[in-house]
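Shown next, in structure tokens, is the structure this report addresses.
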Amino acid sequence: MLIKYTLIFLFLFNIQTLTAAELINLTANEVNNGLSKSALVIDIRTPQEWQKTGLIPGSHPINFFDKNGKHNTNQWLAEVRKLQTSPEQEIILVCHSGSRSGQVGHYLTDQLNMSNVSHLANGISSWIREQRPTQKMCSPTQTC
């Protein structure tokens, strides 16, 4: 009888484990591969950061945190969903060093149970360190 209950417990535990969303850490090379597989790459940094370093080509700048560190998750998700081709499309988050994208990614996977969420583990810094291309982010008053 004990074996039967143990097996039932293990079965239920494994189902829970398999269905839990998990944030995936990606290297710059894996992000590059994701772009070619039509993943949605979202750069959550500030406009000043986008202008300073540029963006990963093909990524979409959607700032998550305001200058005071606050955020409006519903508004941000609405913008992301406008860009998604399907609810199952992989979302790859990018920030400067991987810290903020990790926080946002964990929030999306842990609190909102979103699947297919990844982030560039060491941020755009690792992208630039590997001498990968960036594109300029121009403000409305700039000419690129």
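The values are calculated or read from the model by the stated rules, or taken from the named source; none is laboratory data. Computed from a predicted structure; not experimentally measured. A quick note on method: Cβ atoms are made from the backbone with ideal geometry, for glycine too, and the neighbour counts reach across all protein chains shown. Areas reflect the complete protein model, heavy atoms only, side chains present, ligands, DNA and RNA absent. Shrake-Rupley method; radii C 1.70, N 1.55, O 1.52, S 1.80 Å.
Quick rundown of the values:
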item: Virtual spin-label span in nm between residue 97 and residue 37, 7 Å along Cα→Cβ; result: 2.9 nm
item: Using alpha carbons only: equivalent-ellipsoid semi-axes of the range 35-114, gyration tensor based, whole Å; result: 18, 16, 11
item: Rounded to the nearest 10 Å², the accessible area of residue 40 at probe 1.4 Å; result: 10 Å²
item: Test item: Cα-centred dipole of the range 23-90, Lys/Arg +1 and Asp/Glu -1 on Cβ, debye; result: 200 debye
item: Local electrostatic count, residue 38, Cβ distance below 12 Å [Lys/Arg +1, Asp/Glu -1]; result: -1
item: Accessible area of residue 79 in the full protein assembly, 1.4 Å probe (Å², nearest 10); result: 70 Å²
item: Spatially proximal aspartates and glutamates relative to residue 37 (Cα-Cα < 16 Å; intrachain offsets below 8 disregarded); result: 88, 90
